[in-house]
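Undergrad: Here you go, one structure.
All of the numbers you see were taken from the coordinates with simple rules; none came from a lab. As the structure is a computational prediction, the values presented were derived from the model and not from experiment. Cβ sites come from the backbone with ideal geometry, for glycine too, and all protein chains shown count toward neighbours.
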Amino acid sequence: MCTTYSVTWYDTTTWYDSEEIREVDFLRPSSMAEALAAKAERPDAVPIAGGTDVMVELNFDRTRPDALLDLTGIAELAEWSDTGDGGIRLGAGVSYTRIITELGQRLPGLAMASRTVGSPQIRNRGTVGGNLGAASPAGDTHPVLLATGASVELASTRGLRTVPAEEFYVGVKRSVLAPDELITAVLLPGTTAPQQFSKIGTRNAMVIAVCSFAIALHPEQAATGNSTVGTGIGSAGPTPLRATEAERFLTAELANADQWTSPRALDDSVRRRFGDLVAAAASPIDDVRGSAAYRRHALAVLARRTLGWAWWDYCLERTSRCA
């Protein structure tokens with residue numbers, strides 16, 4: 001049975017000498033089955049694991065849930081495993097720190113993004129599952145999930161379903177997650193090809209992105225002519241975005257010049273056109289962190305730089321492999 005506690009919450013945000021007392025149910029399932037049953041019975045219950053997003057919302061009185069669903073007692077959410085085809089099934093409760101230390105070589109883009117999240121304390125607690133649950137367009141891991149072609153695993157008492165990352169986000173802090181569903185895992189394809197992630201903020205640490213960008217090279221099917229490039233844009237639209245025109249342009253340029261099998265330095269005109277197309281794909285706004293014009297300019301720069309880094313790594317790998 002799912003253990004339920006009644007917690008007294010003292011809200012002092014309305015005025016410095018006033019307190020509002022309210023009761024919040026705290027649900028503590030010990031298994032996935034209990035968690036799904038609790039969510040089905042209480043769809044209003046807000047899942048909490050690391051708490052790095054949920055507690056901010058509570059402390060600033062941006063949300064007042066009647067119940068919290070504690071997922072920290074479910075061991076399987078904190079596990080990752082091989083999918084059998086070279087990919088990784090990443091449990092929704094695996095922390096950013098563990099992604100960096102345990103999966104840095106196999107999920108390089110996600111590890112890069114994880115290193116930019118908050119402080120060491122936040123990285124020890126925060127999870128990709130929580131990032132997805134918040135569905136903020138500024139979430140650091142979202143661009144990498146889009147660029148790598150990841151999928152999100154959702155579960156409820158009705159069953160299990162898998163949603164491509166690019167279909168998961170439907171609006172500002174909104175997703176396809178149904179009221180009775182929980183995010184259980186992220187499925188990431190395996191790769192040995194370079195990936196890159198970069199973001200711009202007002203400082204290097206503990207900062208929300210003004211904008212961010214991820215790129216992933218997919219040369220695995222070069223022999224069949226199906227090699228592709230993946231992209232992801234963050235904090236420059238109502239949802240995380242892919243730059244599909246930029247992907248098509250670069251994919252065609254690399255294929256036409258036989259760059260996948262015989263890589264060499266990219267022409268500056270190619271990198272600049274790629275950056276321009278990435279900037280054009282964004283739908284930014286003016287806000288306290290930056291203007292729409294600045295975000296577009298910054299994305300063009302980030303796209304050129306990350307492409308340059310990723311392609312340099314690819315060229316080095318090919319040279320080393322052929323030596």
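Undergrad: Using the 10 angstrom Cβ neighbour count as an exposure proxy, how do TYR96, TYR169, TYR314 rank, fewest first? Please list the in-between numbers first.
TA: Values: TYR96 29, TYR169 26, TYR314 18.
Listed from fewest to most nearby Cβ atoms, that is TYR314, TYR169, TYR96.
Undergrad: For ARG248 and VAL207, compute 0.36 nm times the residue count separating them, minus their Cα-Cα distance, and round to one decimal in nm. Intermediate values should be presented prior to the final figure.
TA: On the way: separation 41, 0.36 × 41 = 14.76 nm, distance 3.19 nm.
Taking 0.36 nm per residue and subtracting the Cα distance, the gain is 11.6 nm.
Undergrad: More than 17 angstrom separation, counting every C-alpha pair in region 195-322; what % is that? Please list the in-between numbers first.
TA: Working: 4527 of 8128 pairs.
So the portion of pairs separated by more than 17 Å is 56 percent.
Undergrad: Could you compute the net charge surrounding THR116? Neighbours are other residues with a C-beta less than 11 Å from the C-beta of THR116; K and R count +1, D and E count -1. Please report the intermediate quantities before stating the final value.
TA: Numbers: positive: ARG115, ARG123, LYS199; negative: ASP140.
Charge balance near THR116 sits at +2.
Undergrad: Let me ask something additional. Treat each spin label as a single point 7 Å out from the Cα along the C-beta direction, and report the ARG273 to CYS315 distance in nm.
TA: Distance between the two pseudo-spin positions: 1.8 nm.
Undergrad: How would you order 131-140, 59-68, 279-288, 100-109 from highest to lowest mean count of nearby Cβ atoms within 10 Å? Intermediate results must be reported in sequence, preceding the final value.
TA: Working: 131-140: 22.5, 59-68: 13.5, 279-288: 15.4, 100-109: 17.7.
The packing order, highest mean first, is 131-140, 100-109, 279-288, 59-68.
Undergrad: Please report HIS142, HIS297 as a ranked list, fewest other C-beta atoms within 10 angstrom at the top and most at the bottom.
TA: With the fewest neighbours first, HIS142, HIS297 line up as HIS297, HIS142.
Undergrad: If you average the C-alpha positions of region 24-42 and of region 160-188 separately, how far apart do those two centres end up, in angstrom?
TA: One Cα centre to the other: 19 Å.
Undergrad: Please compute one quarter of the surface area of the Cα convex hull for region 77-188 and express it in square nanometres.
TA: Working: hull surface 26.4 nm².
Its Cα hull, projected and averaged over all orientations, spans 6.6 nm².
Undergrad: Around ARG289, with a cut-off of 13 angstrom between Cβ atoms, what is the net charge of the other residues, counting Lys and Arg +1 and Asp and Glu -1? Don't skip to the end; give the middle numbers.
TA: Numbers: positive: LYS199, ARG203, ARG295; negative: ASP286, ASP287.
Combined, the nearby Lys, Arg, Asp and Glu give +1.
Undergrad: Hey, if you drop one equal point scatterer on each alpha-carbon of region 217-280 and run the Debye formula without solvent, what base-10 log of I(q)/I(0) do you get at q = 0.30 Å⁻¹?
TA: So the normalised log intensities are -1.32.
Undergrad: Please work out whether region 17-142 counts as rounded, prolate or oblate from its C-alpha gyration tensor, where a ≥ b ≥ c are the square roots of the eigenvalues and a/c under 1.5 means rounded, while otherwise a/b larger than b/c means prolate and anything else oblate? Write down the numbers at each step before the final one.
TA: Numbers: a/c = 2.57, a/b = 1.47, b/c = 1.75.
Note, shape of region 17-142 comes out oblate.
Undergrad: Sticking with this one: Compute the angle between helix 292-322 and the longest alpha-carbon principal axis of the chain, please, reported from 0 to 90 degrees and rounded to the nearest 10.
TA: Long axis of 292-322 versus the principal axis of the chain: about 60 degrees.
Undergrad: With angles folded into 0 to 90 degrees, how steeply does helix 32-41 sit against the dominant principal axis of the chain? Use alpha carbons for both and round to 10.
TA: The helix 32-41 is inclined about 60 degrees to the chain.
Undergrad: Which ³J(HN,Hα) values, rounded to whole Hz and listed in residue order, are derived for region 174-183 from phi using the Karplus coefficients 6.51, -1.76 and 1.60 in 6.51 cos²θ - 1.76 cosθ + 1.60 with θ = phi - 60°, glycine and proline given as x?
TA: 10, 9, 7, 4, 6, x, 9, 9, 10, 7
Undergrad: Work out from phi, with θ = phi - 60° and the Karplus expression 6.51 cos²θ - 1.76 cosθ + 1.60, the ³J(HN,Hα) of each residue of region 247-255, listed in order in whole Hz, and give x for Gly and Pro.
TA: For region 247-255, the Karplus curve yields 4, 5, 4, 5, 4, 5, 4, 5, 6 Hz.
Undergrad: Once you list every other residue whose beta carbon is under 15 Å from the beta carbon of THR162, what net charge do they have if Lys and Arg are +1 and Asp and Glu are -1? Numbers along the way, then the final one.
TA: Details: positive: ARG89, ARG158, ARG161; negative: ASP85, GLU153, GLU166, GLU167, GLU181.
Net local charge, THR162 excluded: -2.
Undergrad: Rg to Rh ratio, the chain, alpha-carbon atoms and Kirkwood radius?
TA: On the way: Rg = 21.0 Å, Rh = 20.8 Å.
Looking at the chain, the ratio lands at 1.01.
Undergrad: Neighbour counts of other C-beta atoms within 10 Å: give me VAL172, VAL46 arranged from fewest to most. Let's see the in-between values first.
TA: Working: VAL172 11, VAL46 17.
Ranked by crowding around the Cβ, least crowded first: VAL172, VAL46.
Undergrad: Output wanted: per-residue J couplings in Hz (rounded whole) for region 110-123, from phi through Karplus 6.51 cos²θ - 1.76 cosθ + 1.60, θ = phi - 60°, x for Gly and Pro.
TA: 5, 5, 4, 5, 4, 5, 8, 7, x, 10, x, 5, 5, 5
Undergrad: Something else about it: Can you give the calculated 222 nm mean residue ellipticity of the chain, where each DSSP H run of n ≥ 4 adds -39,500 (n - 2.57) and the sum is split over every residue, rounded to the nearest 500 deg cm²/dmol?
TA: Working: 11 runs with 114 residues, N = 323.
Only helices count here, giving -10500 deg cm²/dmol.
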